[in-house]
Amino acid sequence: MTATILKMPSARIVVNKLGNAAPRMELLIICDPYTTSNAEPLALAAQEVGASFSIIEISAGAHHGQQLAPPVAAAMKASDLIIAPTRRNIAHTQARRDAQQAGAKVICLPEADNENFFLAAGWDADFDTLRSKIDGLAAAFTRASTARVTSKLGTDITMSIKGRNGRSLNGFANTNDISCGYCLEASLAPVEGTANGRIVVNASIPGIGLIGAEPVSIEVKNGFAVSIEGGPEAVKFRNLLASFNDPNVYNLGELGIGMNPMCSLDGTMCSDESVWGGVQLALGTSAYIGGTCKAAAHYDTIVTDATLELDGRIVFEGTDLRLH
(Lines give C-alpha, C1' and ligand atoms only; values in the text may rest on other atoms or scores of the structure.)
Protein backbone atom coordinates (compact mmCIF):
# COMPACT_ATOMS: atom_id res chain seq x y z
CA MET A 1 0.00 0.00 0.00
CA THR A 2 2.91 2.35 0.73
CA ALA A 3 4.13 1.99 -2.85
CA THR A 4 0.64 2.70 -4.19
CA ILE A 5 0.38 5.86 -2.06
CA LEU A 6 3.64 7.14 -3.53
CA LYS A 7 2.31 6.56 -7.06
CA MET A 8 -1.00 8.35 -6.50
CA PRO A 9 0.10 11.93 -7.38
CA SER A 10 1.21 10.85 -10.86
CA ALA A 11 -1.79 8.55 -11.30
CA ARG A 12 -4.04 11.52 -10.53
CA ILE A 13 -2.21 13.56 -13.18
CA VAL A 14 -3.03 10.85 -15.72
CA VAL A 15 -6.68 10.43 -14.74
CA ASN A 16 -7.63 13.98 -13.75
CA LYS A 17 -5.43 16.37 -15.73
CA LEU A 18 -4.49 14.42 -18.86
CA GLY A 19 -7.62 12.27 -19.07
CA ASN A 20 -10.08 14.84 -17.71
CA ALA A 21 -12.04 11.99 -16.17
CA ALA A 22 -15.50 12.82 -14.87
CA PRO A 23 -18.27 11.08 -12.93
CA ARG A 24 -19.95 8.25 -14.85
CA MET A 25 -17.42 8.44 -17.67
CA GLU A 26 -16.76 4.98 -19.17
CA LEU A 27 -13.07 4.49 -18.46
CA LEU A 28 -11.19 1.38 -19.56
CA ILE A 29 -7.83 0.46 -18.01
CA ILE A 30 -5.79 -2.04 -20.03
CA CYS A 31 -2.91 -3.77 -18.27
CA ASP A 32 -0.99 -7.04 -18.52
CA PRO A 33 0.50 -9.48 -15.99
CA TYR A 34 3.59 -7.29 -15.63
CA THR A 35 1.81 -3.99 -15.02
CA THR A 36 -1.05 -4.75 -12.63
CA SER A 37 0.69 -2.92 -9.77
CA ASN A 38 0.65 0.27 -11.84
CA ALA A 39 -2.96 -0.23 -12.91
CA GLU A 40 -4.05 -0.14 -9.25
CA PRO A 41 -3.27 3.56 -8.56
CA LEU A 42 -5.04 4.50 -11.81
CA ALA A 43 -8.11 2.58 -10.67
CA LEU A 44 -8.03 4.34 -7.30
CA ALA A 45 -7.75 7.73 -9.00
CA ALA A 46 -10.71 6.83 -11.23
CA GLN A 47 -12.67 5.76 -8.17
CA GLU A 48 -11.97 9.12 -6.53
CA VAL A 49 -13.57 11.07 -9.38
CA GLY A 50 -16.53 8.70 -9.71
CA ALA A 51 -15.72 7.39 -13.18
CA SER A 52 -17.25 4.06 -14.19
CA PHE A 53 -14.10 2.06 -14.82
CA SER A 54 -13.29 -1.44 -15.96
CA ILE A 55 -9.95 -3.24 -16.06
CA ILE A 56 -8.95 -5.68 -18.81
CA GLU A 57 -5.80 -7.70 -18.34
CA ILE A 58 -4.29 -8.76 -21.66
CA SER A 59 -1.36 -11.01 -22.44
CA ALA A 60 1.90 -9.09 -22.68
CA GLY A 61 2.83 -8.49 -26.30
CA ALA A 62 6.03 -9.91 -27.70
CA HIS A 63 6.97 -6.54 -29.18
CA HIS A 64 5.85 -2.93 -29.44
CA GLY A 65 2.96 -2.44 -31.85
CA GLN A 66 1.63 -5.99 -31.66
CA GLN A 67 -2.05 -6.00 -32.64
CA LEU A 68 -4.70 -6.51 -29.94
CA ALA A 69 -7.33 -9.24 -29.74
CA PRO A 70 -10.81 -8.47 -31.16
CA PRO A 71 -12.59 -8.52 -27.74
CA VAL A 72 -10.13 -5.93 -26.43
CA ALA A 73 -10.60 -3.80 -29.53
CA ALA A 74 -14.38 -3.94 -29.10
CA ALA A 75 -14.15 -2.85 -25.46
CA MET A 76 -11.93 0.06 -26.47
CA LYS A 77 -14.46 1.28 -29.04
CA ALA A 78 -17.18 1.25 -26.37
CA SER A 79 -15.19 3.43 -23.95
CA ASP A 80 -14.91 7.19 -23.43
CA LEU A 81 -11.35 7.10 -22.14
CA ILE A 82 -8.72 4.37 -22.36
CA ILE A 83 -5.61 4.29 -20.18
CA ALA A 84 -3.18 1.52 -21.08
CA PRO A 85 -0.31 0.86 -18.66
CA THR A 86 1.26 -2.03 -20.57
CA ARG A 87 4.67 -3.58 -21.06
CA ARG A 88 4.56 -3.07 -24.83
CA ASN A 89 3.31 0.04 -26.60
CA ILE A 90 -0.21 -0.31 -28.03
CA ALA A 91 -0.11 3.07 -29.80
CA HIS A 92 0.71 1.61 -33.21
CA THR A 93 -2.27 -0.73 -33.40
CA GLN A 94 -5.48 -0.81 -35.41
CA ALA A 95 -7.49 -1.17 -32.18
CA ARG A 96 -6.15 2.12 -30.85
CA ARG A 97 -6.90 3.88 -34.12
CA ASP A 98 -10.41 2.42 -34.38
CA ALA A 99 -11.20 3.39 -30.79
CA GLN A 100 -10.29 7.01 -31.42
CA GLN A 101 -12.27 7.11 -34.63
CA ALA A 102 -15.23 5.90 -32.55
CA GLY A 103 -14.74 8.86 -30.18
CA ALA A 104 -12.55 7.41 -27.43
CA LYS A 105 -9.61 9.26 -25.94
CA VAL A 106 -6.47 7.20 -25.45
CA ILE A 107 -3.52 7.41 -23.05
CA CYS A 108 -0.80 4.85 -23.78
CA LEU A 109 1.69 4.15 -20.99
CA PRO A 110 4.29 1.75 -22.42
CA GLU A 111 6.96 0.05 -20.30
CA ALA A 112 4.72 0.41 -17.26
CA ASP A 113 6.17 -2.86 -15.97
CA ASN A 114 8.78 -0.64 -14.29
CA GLU A 115 7.79 -0.46 -10.63
CA ASN A 116 9.03 3.14 -10.51
CA PHE A 117 7.07 4.19 -13.59
CA PHE A 118 4.89 6.67 -11.70
CA LEU A 119 7.89 8.05 -9.81
CA ALA A 120 9.72 9.24 -12.95
CA ALA A 121 10.87 12.86 -13.13
CA GLY A 122 8.89 13.37 -16.33
CA TRP A 123 5.67 13.60 -14.34
CA ASP A 124 6.93 16.90 -12.87
CA ALA A 125 6.58 18.62 -16.26
CA ASP A 126 4.50 21.78 -16.53
CA PHE A 127 2.00 20.24 -18.94
CA ASP A 128 -0.04 23.43 -19.34
CA THR A 129 2.93 25.62 -20.29
CA LEU A 130 4.49 23.03 -22.62
CA ARG A 131 1.23 22.42 -24.46
CA SER A 132 1.44 25.57 -26.62
CA LYS A 133 5.06 24.86 -27.60
CA ILE A 134 4.28 21.30 -28.67
CA ASP A 135 1.16 22.43 -30.52
CA GLY A 136 3.25 25.12 -32.24
CA LEU A 137 5.89 22.71 -33.50
CA ALA A 138 3.22 20.27 -34.67
CA ALA A 139 1.63 23.12 -36.66
CA ALA A 140 5.04 23.95 -38.16
CA PHE A 141 5.34 20.33 -39.28
CA THR A 142 1.94 20.56 -40.95
CA ARG A 143 2.86 23.71 -42.87
CA ALA A 144 6.20 22.39 -44.14
CA SER A 145 6.97 20.35 -47.24
CA THR A 146 10.47 19.06 -46.47
CA ALA A 147 12.43 18.16 -43.36
CA ARG A 148 16.14 17.68 -42.80
CA VAL A 149 17.94 16.41 -39.70
CA THR A 150 21.69 16.88 -39.24
CA SER A 151 24.20 16.37 -36.43
CA LYS A 152 27.94 16.84 -35.88
CA LEU A 153 28.33 13.06 -35.60
CA GLY A 154 27.19 12.62 -39.19
CA THR A 155 23.41 12.45 -39.26
CA ASP A 156 22.18 14.00 -42.48
CA ILE A 157 18.80 12.86 -43.73
CA THR A 158 16.10 14.61 -45.74
CA MET A 159 12.50 13.63 -46.42
CA SER A 160 9.25 14.95 -47.79
CA ILE A 161 6.55 15.72 -45.24
CA LYS A 162 4.26 17.47 -47.72
CA GLY A 163 0.60 16.88 -46.97
CA ARG A 164 1.30 15.17 -43.65
CA ASN A 165 -0.22 16.55 -40.47
CA GLY A 166 1.96 17.25 -37.47
CA ARG A 167 0.95 15.43 -34.32
CA SER A 168 0.92 17.16 -30.95
CA LEU A 169 1.53 14.59 -28.25
CA ASN A 170 1.17 17.14 -25.47
CA GLY A 171 0.00 14.64 -22.88
CA PHE A 172 -3.66 15.67 -22.90
CA ALA A 173 -5.96 12.88 -24.09
CA ASN A 174 -8.00 13.60 -27.22
CA THR A 175 -9.60 11.76 -30.11
CA ASN A 176 -7.02 12.73 -32.75
CA ASP A 177 -3.58 11.95 -31.31
CA ILE A 178 -2.58 9.69 -28.48
CA SER A 179 -1.29 10.77 -25.12
CA CYS A 180 1.69 8.91 -23.71
CA GLY A 181 1.63 10.48 -20.28
CA TYR A 182 4.78 12.49 -19.75
CA CYS A 183 6.21 11.32 -23.09
CA LEU A 184 5.79 14.68 -24.83
CA GLU A 185 6.65 15.25 -28.49
CA ALA A 186 5.70 16.80 -31.80
CA SER A 187 5.93 14.34 -34.67
CA LEU A 188 4.56 13.09 -37.98
CA ALA A 189 4.87 10.32 -40.55
CA PRO A 190 7.17 11.30 -43.46
CA VAL A 191 5.98 10.58 -46.98
CA GLU A 192 6.87 6.97 -47.73
CA GLY A 193 9.76 6.41 -50.13
CA THR A 194 11.18 9.93 -49.85
CA ALA A 195 13.77 9.75 -47.05
CA ASN A 196 17.42 9.59 -48.03
CA GLY A 197 20.62 9.93 -46.02
CA ARG A 198 22.26 8.69 -42.84
CA ILE A 199 21.07 8.51 -39.23
CA VAL A 200 23.84 8.35 -36.62
CA VAL A 201 22.09 7.24 -33.42
CA ASN A 202 24.06 8.43 -30.41
CA ALA A 203 21.46 8.33 -27.62
CA SER A 204 18.98 5.47 -27.48
CA ILE A 205 16.94 2.87 -29.32
CA PRO A 206 13.98 2.26 -26.98
CA GLY A 207 13.49 -1.49 -26.75
CA ILE A 208 17.21 -2.04 -27.30
CA GLY A 209 18.67 0.39 -24.78
CA LEU A 210 21.05 3.31 -24.43
CA ILE A 211 23.79 3.58 -27.05
CA GLY A 212 27.26 2.67 -25.82
CA ALA A 213 30.64 3.86 -27.03
CA GLU A 214 29.94 3.30 -30.73
CA PRO A 215 26.97 5.03 -32.41
CA VAL A 216 24.53 3.10 -34.59
CA SER A 217 24.75 4.19 -38.22
CA ILE A 218 21.66 3.64 -40.39
CA GLU A 219 21.76 4.29 -44.12
CA VAL A 220 18.38 5.18 -45.62
CA LYS A 221 17.61 5.04 -49.32
CA ASN A 222 14.25 5.87 -50.87
CA GLY A 223 12.49 5.62 -47.53
CA PHE A 224 13.98 2.35 -46.27
CA ALA A 225 16.93 1.51 -44.06
CA VAL A 226 19.38 -0.45 -46.21
CA SER A 227 22.13 -0.97 -43.61
CA ILE A 228 22.52 -0.84 -39.83
CA GLU A 229 26.12 -0.78 -38.61
CA GLY A 230 27.97 -0.10 -35.38
CA GLY A 231 28.59 -1.73 -32.03
CA PRO A 232 26.55 -4.14 -29.89
CA GLU A 233 23.36 -2.08 -30.07
CA ALA A 234 23.52 -2.08 -33.87
CA VAL A 235 23.80 -5.87 -33.89
CA LYS A 236 20.85 -6.23 -31.53
CA PHE A 237 18.73 -3.81 -33.53
CA ARG A 238 19.62 -5.42 -36.85
CA ASN A 239 18.80 -8.89 -35.50
CA LEU A 240 15.54 -7.68 -33.93
CA LEU A 241 14.27 -6.16 -37.16
CA ALA A 242 15.32 -9.22 -39.17
CA SER A 243 13.37 -11.45 -36.77
CA PHE A 244 10.07 -9.96 -37.96
CA ASN A 245 10.64 -11.22 -41.50
CA ASP A 246 8.82 -8.15 -42.80
CA PRO A 247 10.53 -5.71 -45.19
CA ASN A 248 8.27 -2.91 -44.01
CA VAL A 249 9.95 -2.77 -40.60
CA TYR A 250 12.76 -0.91 -42.40
CA ASN A 251 10.44 1.90 -43.50
CA LEU A 252 11.29 5.33 -42.08
CA GLY A 253 7.97 5.66 -40.31
CA GLU A 254 8.24 8.69 -38.03
CA LEU A 255 10.05 11.97 -37.45
CA GLY A 256 9.59 13.59 -34.07
CA ILE A 257 11.11 15.86 -31.43
CA GLY A 258 11.05 15.18 -27.69
CA MET A 259 9.70 18.13 -25.70
CA ASN A 260 9.78 17.32 -21.97
CA PRO A 261 12.58 19.27 -20.25
CA MET A 262 12.21 17.15 -17.10
CA CYS A 263 13.31 13.99 -18.92
CA SER A 264 16.81 12.60 -19.33
CA LEU A 265 18.25 9.54 -21.04
CA ASP A 266 17.68 6.60 -18.72
CA GLY A 267 16.96 3.65 -21.03
CA THR A 268 13.17 3.83 -20.75
CA MET A 269 10.94 4.57 -23.73
CA CYS A 270 8.88 7.40 -22.28
CA SER A 271 11.88 9.30 -20.96
CA ASP A 272 14.28 8.73 -23.86
CA GLU A 273 11.71 9.72 -26.47
CA SER A 274 10.82 12.84 -24.47
CA VAL A 275 14.26 14.36 -23.91
CA TRP A 276 14.00 18.01 -24.88
CA GLY A 277 15.36 18.43 -28.42
CA GLY A 278 15.99 14.73 -28.98
CA VAL A 279 15.12 13.77 -32.56
CA GLN A 280 13.13 10.58 -33.10
CA LEU A 281 13.63 8.76 -36.39
CA ALA A 282 11.61 5.57 -36.23
CA LEU A 283 11.58 2.49 -38.41
CA GLY A 284 8.44 0.48 -39.13
CA THR A 285 4.72 1.20 -39.09
CA SER A 286 3.45 4.64 -40.02
CA ALA A 287 -0.15 3.76 -40.84
CA TYR A 288 -1.49 4.60 -37.39
CA ILE A 289 0.11 8.05 -37.21
CA GLY A 290 -0.89 9.47 -40.57
CA GLY A 291 1.20 7.38 -42.97
CA THR A 292 0.38 4.42 -45.19
CA CYS A 293 2.91 1.74 -44.25
CA LYS A 294 1.83 -1.20 -42.09
CA ALA A 295 4.65 -3.21 -40.57
CA ALA A 296 5.08 -5.88 -37.92
CA ALA A 297 6.59 -3.37 -35.48
CA HIS A 298 7.63 0.23 -34.83
CA TYR A 299 10.91 1.17 -33.14
CA ASP A 300 12.28 4.66 -32.55
CA THR A 301 15.89 5.74 -32.66
CA ILE A 302 16.94 8.83 -30.69
CA VAL A 303 19.52 11.35 -31.88
CA THR A 304 20.58 14.20 -29.58
CA ASP A 305 22.61 17.37 -30.26
CA ALA A 306 20.93 17.54 -33.65
CA THR A 307 19.38 20.22 -35.86
CA LEU A 308 15.93 20.06 -37.45
CA GLU A 309 15.19 22.16 -40.52
CA LEU A 310 11.75 22.59 -42.05
CA ASP A 311 11.77 23.97 -45.59
CA GLY A 312 15.35 25.08 -45.04
CA ARG A 313 14.64 26.99 -41.82
CA ILE A 314 16.09 25.83 -38.51
CA VAL A 315 13.30 25.21 -35.99
CA PHE A 316 15.23 23.17 -33.41
CA GLU A 317 18.98 23.31 -32.85
CA GLY A 318 20.24 21.16 -29.99
CA THR A 319 17.97 22.27 -27.18
CA ASP A 320 17.06 25.62 -28.74
CA LEU A 321 13.48 25.81 -30.05
CA ARG A 322 13.10 28.45 -32.77
CA LEU A 323 9.45 28.71 -33.71
CA HIS A 324 9.44 32.45 -34.34
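The values are calculated or read from the model by the stated rules, or taken from the named source; none is laboratory data. Being a predicted model, the structure only gives us computed values, none of them experimental. Reconstructed Cβ throughout: ideal geometry from the backbone, glycine too, with neighbour counts over all protein chains shown. When the accessible area is computed, the model is the full protein with side chains, heavy atoms only, and any ligands, DNA or RNA have been set aside. Shrake-Rupley method; radii C 1.70, N 1.55, O 1.52, S 1.80 Å.
Here the chain is assigned +1 on the Cβ of each Lys and Arg and -1 on the Cβ of each Asp and Glu. Its dipole about the Cα centre then comes out at about 740 debye. Using only side-chain charges placed at the Cβ, +1 for Lys and Arg and -1 for Asp and Glu, the dipole size of region 194-316 relative to its Cα centre rounds to 280 debye. Cβ screening of the chain for cysteine pairs under 4.7 Å finds these without a partner: 31, 108, 263, 293.
Residue separation of residue 322 and residue 131 scaled by 0.36 nm, minus their Cα-Cα distance, works out to 67.2 nm of gained length.
Normalising the Debye intensity of region 121-255 to I(0), with uniform scatterers on Cα atoms only, and taking log10 at q = 0.13, 0.14, 0.15 Å⁻¹ returns -0.66, -0.76, -0.87. For the chain, build the charge dipole from Cβ charges (+1 Lys, Arg; -1 Asp, Glu) around the Cα centre, then report which of 144, 83, 232 sits farthest towards its positive end. The one lying farthest along the dipole's positive direction is 144.
Would you mind telling me the share, in percent, of accessible area of the chain contributed by carbon and sulfur at probe 1.4 angstrom? With neighbouring chains kept in place, the figure for the chain is 50 percent. Dividing the mean sequence gap of close Cα pairs (under 8 Å, 6+ apart) by how many residues the chain holds gives a relative contact order of 15 percent. Residues of region 128-162 falling in the label zone of residue 314, defined by backbone nitrogen less than 17 Å from a point 7 Å along Cα to beta-carbon, are 147-157. Of all aspartates and glutamates in the structure, the ones whose alpha carbon falls short of 13 Å from that of residue 77, not counting any fewer than 8 places away in one chain, are 26, 98. Taking every DSSP helix (H) stretch of at least 4 residues in the chain, weighting each as -39,500 (n - 2.57) and dividing the sum by the residue count yields a mean residue ellipticity at 222 nm of -7000 deg cm²/dmol.
Counting other Cβ atoms within 10 Å of each Cβ, which GluC sites (Glu not before Pro) in region 215-324 have at most 13 and sit in a DSSP loop? The qualifying sites: there are none. Residues in the chain average 39 Å² of solvent-accessible surface per residue, probe 1.4 Å, ligands and nucleic acids excluded.
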